[in-house]
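Have a look at the structure below, then the notes.
The values are calculated or read from the model by the stated rules, or taken from the named source; none is laboratory data. Since we're looking at a predicted model, the values are computed, not measured. So basically every Cβ, Gly included, is an ideal-geometry build from the backbone, and we count neighbours across all protein chains shown. Side chains are part of the model used for accessible areas, which takes the heavy atoms of the whole protein and leaves out ligands, DNA and RNA. Shrake-Rupley method; radii C 1.70, N 1.55, O 1.52, S 1.80 Å.
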Amino acid sequence: MDFATLLQLLESTIRMSTPLLLACLAGLFSERSGIFDIGLEGKMLIAAFFSAAIAYNTGNVWLGLLAGIGASLGLSAIHGLASITFRGNQLISGVALNFLASGITVLIAQSWYKQGGKTPTLTGGARLNEINLPLTETLRDVPVLGPIYAQVISGHAPLVYVAFLAVPATWWLLFRTRFGLRLRAVGEAPEAVDTAGISVIRLRYTAVAICGILCGIAGAYMATGLQPFFGKEMTAGRGYIALAALIFAKWRPWYALAACLLFGFLQAVAIRFQNFDLGAFTVPVQVMDALPYILTVVILAGFIGKAIPPRAGGTPYVKER
Amino acid sequence: MDKMPAWADAVLVPLISILIAAVLSALVIAALGMNPFEAFQLMVEGALMKSSGWGYTLYYATNFIFTGLAVAVAFHARMFNIGGEGQAQIGGLGVALACLFIPWPHWSLALIAATLAAALFGAAWAYIPAILQAKRGSHIVITTIMFNFIAAALINYVLVNLLRPAGAMEPATATFPAATSLPTFQQMFSTSETVLFRGSPANITFFIAVAACIGVWLLIWRTRLGYELRAFGFSETGAKYAGISPVKITVVSMLISGALAGLMAINATMGEAERLVLNASEGAGFIGIAVALMGRSHPVGVFLAALLFGFLYQGGAELAFWANIPRELVTVIQALVILFTGALDNLVRWPLERAFLAFRPKGAQ
Amino acid sequence: DPALVYDLGGKFDKSFNEAAYNGAERWAKETGGSYKDIEMQSEAQREQALRRFAEAGYNPVITTGFSFAEPIKNVAADYPDTKFVNVDGFLPEIPENVLLINFQEHQGSYLVGMLAAMESKSGTVGFVGGMDIPLIRHFACGYAQGAKAVNPDINVIANMTGTTPAAWNDPVKGAELAKAQIGQGADVIYAAAGGTGLGVLQTAADEGIYSIGVDSNQNHLHPGSVLTSMLKRVDNAVYEAMTAGADLETGKFMTLGLAEEGVGYAVDENNSELITDEMTATVEDAKAKIISGDIDVVSYYANDSCPALDF
Amino acid sequence: MTESSPAPAIELKGISKAFGPVQANKDISIRVMPGTIHGIIGENGAGKSTLMSILYGFYKADSGEIRVNGNLKSITDSQAAIAAGIGMVFQHFKLVQNFTVLENVILGAEDGAMLRPSLDKARGELKRLAEDYELQVDPDALIENLSVGHQQRVEILKALYRQADILILDEPTGVLTPAEADHLFRILEGLRREGKTIILITHKLREIMEITDTVSVMRRGEMTATVKTAETSPEQLAELMVGRKVLLRVDKAPATPGAPILEIENLRHVDAHGVERLKGISLTVRKGEILGLAGVSGNGQSELLHVLGGMTNATGTIRVKGQEIDLTGKHSDGQSRRARGIAHVPEDRHHEGLILDYTAWENTIFGYHRDPEIQSGPFMNNAAIKAEAQAKMDRYDVRPPNPNLAAKNFSGGNQQKIVLAREIESDPDILLIGQPTRGVDIGAIEFIHQQIVALRDAGKAILLVSVELDEIFSLSDRIAVMFDGQIMGARLPSETNQTELGLLMAGVTEMPDKPIIEAVTEQMAAKAQREAARHD
Ligand SMILES: Nc1ncnc2c1ncn2[C@@H]1O[C@H](COP(=O)(O)OP(=O)(O)OP(=O)(O)O)[C@@H](O)[C@H]1O
Ligand SMILES: Nc1ncnc2c1ncn2[C@@H]1O[C@H](COP(=O)(O)OP(=O)(O)OP(=O)(O)O)[C@@H](O)[C@H]1O
Ligand SMILES: [Mg+2]
Ligand SMILES: [Mg+2]
């Protein structure tokens, strides 16, 4: 593999990783607070739709982004209501919301645009454009590092940088602030938080809301940045992969970055090297397609060991039965 | 001691929850510019008012019973098997191999072989995630998700490159020999005067599903293995104290779960399509999660929840037939039903409990 | 009235189900007639839909997608008065009241492959398919042959999106595949991937290269960037079946190729500037030769392999 | 109440609380005077914890009012309680296991949005509190690595850090060793001297008599009496609690030990972290004998029980009635042990001895569920098991005697009776029994002790592990002391005393020439150092 191909691979990795990373961090906040969320997929999807739709209707991508976040927050609110206030089953709620998003996006898209569940293509200010970081042109000619900076690091949509900056931000919030301390505590031992005089309910709703915001950004990135339109089911299972990455990352921000980059990289590799020719025989495309998943299992079996979720995760906080 | 009678919890709560879901669905239908009452009538008539409608409802329900039971069994051992989808598809491969390559003299023999093959293949596909969980602590949720993707790729490869009859356009196996064709409800229940279940795909597999319900019930609540499985699910340290091997229970429960998911293939692949097609599980593995959760992992609950989903599928199809409603509407209705019966059930339960408590004679505990 | 049943991809797949829909709409508009249509949700519904429509007296019942062939075989005998039409399907024996319509997609793909090769400056052209199924290989194979007919040294990169149904609805991955092919030098990319293809076309437009649409005329999606579209005139087939109504001739297998104008390439105001007269001449020449039999475009189905491409 | 006396620190009036159909507190009124230690006793489920949780704002009362220092307070949540100067140490600690001590202390009492300043401040404050009240803990240690005693210190530190003037302790000594308990009481006395008010819930009458000024008795959700400690006696309190006369001593005849039943030689065990927990244990338990194993918790007693019960592997030799048993491999699990006549009442009934979600009848076969006698064909004979369970529950006076009730719905004492019924009725040769009366009320303790003695008299060998020296003394025929994975020595109860055992428990084998407390501290420090070294 030559250097140019490597650069392309890495560039592709960044793009493929971004929605995963945002969703993964979203899940991190929620699950760290003790609320499991397999509804990441649905939140991304509904955000993708509303961001594209509102960006199209208003011609302004930032309004679209807000709408996407708003829609995702709406699902978060339902998830919170079900799993925090009404102490329902968090997994069921997540499954239901995925179904809801998958159906409602197409229904609305169809009734608004009559294009078969797709939004019209965004153009101009409705579309999220790529930006060049400072000094891109100046540094381009520096050997090795220049092209890496210019091609791999620079030249992505702004939300990509939001996603990557969200990693240190999450880390800092989690481990350096009062809010983070409480958030981690409420996922481990809500009764300790409660008896310390902090509202478990409020904390968890906050976490779930942050989850909604991040999923909203992820969805908006997909439908206004990666693609300038919404198409039905366009998240294509990325919410589940993000969930896998989260477990892989053992619910830690930097590990989440690594896990998402790994998944993104494996996907990029699978995309670029289909029908891998090994001389004697060709690896069929299906194997390459399944490769990211196979490798995940292998890595999981070999290196990661036991991933221990937040102790209070998945169970509603009940003090009086 | 209980806050409300058991029957109320088992009947009243889900009923009212479904009612709420129905009202919300009606609002969505109205928003789409259709009369919700007509829509509901269409669904009920199409799914429940004639035998052929039942034939479809029960066909779908059969699929969901299997995948629901699969999730339920694993749940009892506190294992979350999201891999029903992949296990069902691989089960289909087993069925296809059993039906295609052995010349069966009679469907009953073929059925036995296919059942074994489906269970075996499904179980085998669950085995790797199970053993990785038991021995290496690899999280079963991720590994089973991954195995769904891997199964899809494998089936795709097999159908495109290996089992597709030469020259055929469709990535599917050849049609199974006529001798493996399972008796449908139409063949079983029609008399010379009246044809029942005309054209519907419900077949003898439904009874296997019912038997599976009973079997799972017996397994979970009547056998030592079930006792150990539940004990392990409630408390791993407790299980250790009682001399129950966590590795064994993890693996065995996942094998049973995978086998049950695999069995779905005898209904869909052998009973209906009579050949193996791509994506033969059609999301039933995921519906199984909802079914198991709604059915509280109890076979009776799973059975009823599967019927409900069968009704939604068939009723939804009827809606689409006669009302030109986008098929996504059914997805939304399903979502609402899952949400209100499964996750927001306390929304109904708590006020009910309060009501029952208020009418309880004072002093009685 | 006629009835129209779409395959699992759904009515608005921007591709061949939608072409069927367009044909039906055209018929309805021109004749003032009405028809009934439905989208499938599951495999088991196929037979159900056929039966329900037959029982309700719809005639003919038109279906799109090869997956309907088997169900039609199963129900046709029960409704001898109903005519069933299937686009893309294959049956070894065709019942009396069944009409199977096939398109020579490889021929159309051959022509757009030629256009791609002529337009390409880099000597590399790409193909993005949806799920890896024989039909898609069939498209890719014709395309590669056409490209190689123009430029024997041309490099044809063929990629598939995935192995689950999501492969038809993943524009993001389509875009990524397109970028990968562009990275490998492709400057014309042919997408036969349903909703995924929209991502390919979009990326081509964004990156300033050419793309080729499929099934319907997709030239208008990105005027000036979509080089052409490989037309599969499902709309015509549906239109004609509906027009013939109960008098439709059945019991046969109908193959629509270049000769029958069943397939072709689209030229309209959106791409007329891209297709030079010279290109038109070359392609029209090949078209004539294919029709006359002077050029034999090998079908992937012939022996499940492609002379111009490895899968 | 005369005019001159100060307002009560706490005054509760007409507090009622129902959990669904269960009336946990009925119209309870109580006054606690400032600067006193006020005891609350009552049977399991009497409503003590509920009442205190209401005072702390954890639960909300259905009716009633709360006054603190004479002022009416609306305590709707713990924040309000903390603001009113109330701190509480719960029966089951409310700590975040994978947080450090420091993090747990500041949780909810942070200054500002950033952690750093809060942590720094708390570090200094903890140091001061540690010196003032003998509450030393490593501020950077993770809670999960601390002993229960230290965890409790953290809980007290949490309250003090929040400047609590009124401290509630719910069964604080249930999990402590005698030394730790003494230490705690010294702290409590120190706090009282400073004018702080303390409410102490306990099942141990000795503690009530020793330290409280006033004591209130609860029964079935009601406050039945409040008396001055000086004016009452243990017997009277026990009667007030249970509603009948209770025998406070164990009545037992001298033992007549027979042949050795359980022989342990050079038993070693290394835990999952690679730490050697058992360092060559040798012990013999004879027929018709209760061997009491004393020791500070965390010195290997739990591991010894786990090894003997088949929950974990070890090396060395164990003989049962002269026959060696498998210590690793296939026949080393709990069921094989049961087959060899070893019954095990584990220390932790919630996580080991019972499946809390199982019904009582299901729990009566837990571990014995593969017994062929309770099978019929491929299935378990549930009807027979249920009938048998009912009989056992009647014999052991489990209340309520309903085998269909889930185990979690029984009080601690009754849960323990279910475990005992199962293990004793399995007719073992050896009974391993850990902390038999932890958290159990007096009425039930009496019953449990009688059962253990009866089993001994029936000619069984009993290995009793308890951190209660009182219990060890009153039940054992022979006492062995464990420290740091080793047996420090064995004594006859008649030939030793609490002081000597206390020293052995701290690893001091000879009567020291320096003051006892110093010797003990030295040994403990040495052990802590060894452990720290192993962790690196
Ligand atoms: N959170 C709760 N939800 C429902 N019922 C409860 C709850 N907590 C306690 N109860 C019930 O209230 C009653 C009083 O319980 P409480 O815990 O106050 O007793 P206690 O006196 O502290 O007992 P113990 O000595 O065992 O600690 C019991 O019958 C119990 O079942
Ligand atoms: N959240 C709860 N819901 C219902 N009952 C509860 C709850 N918490 C405690 N109980 C019941 O309250 C009673 C007393 O409980 P408590 O929490 O004081 O523990 P306990 O049974 O005394 O355990 P321990 O032996 O550890 O002291 C028991 O009957 C217990 O089952
Ligand atoms: Mg208590
Ligand atoms: Mg207690």
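Report the C-B buried area as the accessible area lost on both sides summed, probe 1.4 Å, in Å² to the nearest 100. Don't jump to the answer; show the numbers that get you there.
On the way: alone 12950 and 17750 Å², together 27280 Å².
Summing both chains' loss of accessible area gives about 3400 Å².
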> Taking amide hydrogens as modeled 1.01 Å from N in the peptide plane, which residues meet the under 5 Å criterion relative to D:LEU167, leaving out close sequence neighbours?
Replying inline: D:GLY87, D:THR197, D:ILE198, D:ILE199
>> How shielded is B:217-227 by partner chains, expressed as the average number of their Cβ atoms within 10 Å of its Cβ atoms?
In response: 4
> Comparing the chain by itself with all protein chains present, which residues of region A:88-107 are at least 40 Å² less accessible (probe 1.4 Å)?
Replying inline: A:LEU91, A:ILE92, A:VAL95, A:ALA96, A:PHE99, A:LEU100, A:LEU107
>> Charges at C-beta only: +1 for Lys and Arg, -1 for Asp and Glu. How large is the resulting dipole of the protein assembly as shown about its Cα centre, in Debye rounded to 20?
In response: 3820 debye
> Taking the Cα centre of each part, how many Å lie between region D:283-324 and region B:189-227?
Replying inline: 52 Å
> Taking the Cα atoms only, what angle lies between the long axis of helix C:277-292 and the longest principal axis of chain C, rounded to 10 degrees?
Replying inline: 50 degrees
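Rounded to the nearest 0.05, what FRET efficiency do C:ASP310 and A:LEU6 have when you use their Cβ-Cβ distance and R0 = 30 Å?
0.75
Please list A:39-47, D:340-348 highest first by mean number of surrounding beta-carbon atoms within 10 Å per residue. All intermediate terms of the calculation are to be shown ahead of the outcome.
Working: A:39-47: 33.1, D:340-348: 23.0.
Highest mean packing first, the order is A:39-47, D:340-348.
Give me the 1.4 Å probe accessible area per residue for region D:352-427, excluding ligands and nucleic acids, in Å².
Values: 2810 Å² over 76 residues.
Each residue of region D:352-427 exposes 37 Å² on average to a 1.4 Å probe.
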> Where the centre of each part is set by its Cα atoms, how far does region B:117-163 sit from region B:45-92, in angstrom?
Replying inline: 18 Å
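With the other protein chains left in place, how much accessible area per residue, in square angstrom, belongs to region A:13-144 at a 1.4 angstrom probe?
Numbers: 4110 Å² over 132 residues.
Counting only protein heavy atoms, the per-residue value for region A:13-144 is 31 Å².
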> Using bins 10 angstrom wide from zero, how does P(r) for region B:66-302 break down, in % of all Cα pairs?
Replying inline: 9, 32, 33, 19, 7, 1, 0
>> Can you give me the distance in nm between label points at B:VAL23 and A:THR85, each placed 7 Å from the Cα along the Cα-to-Cβ direction?
In response: 1.5 nm
> Once whole DSSP H runs in chain D are found, which of them have Cα atoms spread over 20 Å or more along the helix axis and a mean Kyte-Doolittle score of at least 1.0?
Replying inline: none
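Where does the charge balance sit around D:GLU194 when Lys and Arg score +1, Asp and Glu -1, over other residues with C-beta under 12 Å from its C-beta? Please report the intermediate quantities before stating the final value.
Details: positive: D:ARG192, D:ARG193, D:LYS196; negative: D:ASP132, D:ASP165, D:GLU189.
Local charge sum for D:GLU194: 0.
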>> Going through the cross-link list D:LYS321/D:LYS392; A:LYS319/D:LYS228; B:LYS240/D:LYS417; A:LYS250/D:LYS127, which pairs have a Cα-Cα distance over 24 Å in this structure?
In response: D:LYS321/D:LYS392; A:LYS319/D:LYS228; A:LYS250/D:LYS127
> What size of dipole, in debye to the nearest 20, comes out for region D:276-433 about its Cα centre when the only charges are +1 on Lys and Arg C-beta atoms and -1 on Asp and Glu C-beta atoms?
Replying inline: 160 debye
> What is the calculated FRET efficiency for D:GLU194 to D:LEU72, with r their C-beta to C-beta distance and R₀ = 25 Å, to the nearest 0.05?
Replying inline: 0.45
> Taking H as built 1.01 Å from N, whose amide H comes closer than 5 Å to the amide H of A:ARG127, not counting residues under 5 places away?
Replying inline: A:VAL61
>> My understanding is that a pair violates if its Cα-Cα distance is over 23 Å; which of C:LYS14/C:LYS36; A:LYS114/A:LYS232; C:LYS14/C:LYS148 do that in this structure?
In response: C:LYS14/C:LYS148
> Amide H of C:VAL214: which non-local residues (sequence gap of 5 or more, or other chain) have their own amide H closer than 5 Å, using H built in the peptide plane?
Replying inline: C:MET230
>> With θ taken as phi - 60° and the coefficients 6.51, -1.76 and 1.60, list the Karplus ³J(HN,Hα) couplings across region B:143-157 in order, rounded to whole Hz; mark glycine and proline as x.
In response: 4, 6, 4, 4, 5, 5, 5, 5, 4, 4, 5, 5, 4, 4, 4
> Averaged over peptide C:172-181, how many Cβ atoms belonging to another chain are found within 10 Å of each residue's Cβ?
Replying inline: 6
> Going by the alpha-carbon gyration tensor, a ≥ b ≥ c the square roots of its eigenvalues, is region B:216-349 rounded (a/c under 1.5) or, if a/c is not under 1.5, prolate (a/b greater than b/c) versus oblate?
Replying inline: oblate
> Nearest 10 degrees, 0 to 90: what angle lies between the long axis of helix C:16-31 and the longest principal axis of chain C (Cα atoms)?
Replying inline: 60 degrees
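Carbon and sulfur together cover what percent of the accessible area of the protein assembly as shown at a 1.4 Å probe radius?
Numbers: 31020 of 55000 Å².
Here it works out to 56 percent.
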>> Quick one: 3J(HN,Hα) in Hz for region D:268-279, Karplus 6.51/-1.76/1.60 with θ = phi - 60°, rounded, Gly and Pro as x.
In response: 10, 9, 10, 7, 4, 8, x, 8, 6, 9, 10, 10
> Hey, what angle do you get for helix C:105-119 against the long axis of chain C, alpha-carbon based, 0 to 90 degrees rounded to 10?
Replying inline: 20 degrees
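Kindly state, to the nearest 0.05, the FRET efficiency for B:ALA166 paired with C:THR255, given R0 = 25 Å and r defined as their beta-carbon distance.
Numbers: r = 19 Å, r/R0 = 0.75.
Efficiency, rounded to the nearest 0.05: 0.85.
Please give the contour-minus-distance gain from C:ASN74 to C:HIS220: 0.36 nm per residue of separation, less the Cα-Cα distance, rounded to one decimal in nm. Don't skip to the end; give the middle numbers.
Numbers: separation 146, 0.36 × 146 = 52.56 nm, distance 4.05 nm.
Length gained between C:ASN74 and C:HIS220: 48.5 nm.
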> Which of the aspartates and glutamates could a cross-linker span from D:LYS204 if the Cα-Cα distance has to be under 14 Å and same-chain partners fewer than 8 positions apart are dropped?
Replying inline: D:GLU43, D:ASP170, D:GLU171, D:ASP182, D:GLU235, D:GLU239, D:ASP441, D:GLU446, D:GLU468, D:ASP470, D:GLU471
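What's the ranking of D:389-398, D:61-70 by average number of surrounding C-beta atoms within 10 Å, highest first? Show your work: numbers first, answer last.
Numbers: D:389-398: 19.1, D:61-70: 16.6.
Per-residue Cβ counts within 10 Å, averaged per peptide and sorted highest first, yield D:389-398, D:61-70.
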> Counting other Cβ atoms within 10 Å of each Cβ, which GluC sites (Glu not before Pro) in region B:17-105 have at most 14 and sit in a DSSP loop?
Replying inline: none
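Over all directions, how big on average is the projection of the convex hull of the alpha-carbon atoms in the protein assembly as shown, in square nanometres?
62.0 nm²
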> Chains D and B: how much accessible area gets covered up at their contact, both sides added, probe 1.4 Å, in Å² to the nearest hundred?
Replying inline: 2600 Å²
>> If I model a spin label as a point 7 Å beyond the Cα along the Cα-Cβ vector, how far apart are those points for C:GLU278 and D:THR509 in nm?
In response: 10.3 nm
>> Please give the Cα centre distance for region C:95-109 versus region A:28-42, rounded to the nearest Å.
In response: 49 Å
> Using the per-residue mean of other Cβ atoms lying within 10 Å as a proxy for protection, in what order, highest first, do the peptides B:320-333, B:156-169 fall?
Replying inline: B:320-333, B:156-169
> Tally Lys and Arg at +1 and Asp and Glu at -1 over the other residues with C-beta under 12 Å from the C-beta of D:TRP361: what net charge comes out?
Replying inline: +1
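With a 1.4 Å probe, how much accessible area is buried between chains C and A, both sides summed, in Å² to the nearest hundred? Could the numbers behind the result be given before it?
Numbers: alone 12950 and 14930 Å², together 25400 Å².
Its buried surface, counting both partners, is about 2500 Å².
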> Which value in nm describes the separation of the simple spin-label points at C:GLU96 and D:SER282, placed 7 Å from the Cα toward the beta carbon?
Replying inline: 10.0 nm
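Over all residues in A:220-233, what is the mean tally of Cβ atoms on other chains that come within 10 Å of each residue's Cβ?
Numbers: counts 0, 1, 2, 2, 0, 1, 8, 10, 5, 5, 1, 12, 6, 6.
Mean partner shielding for this stretch: 4.
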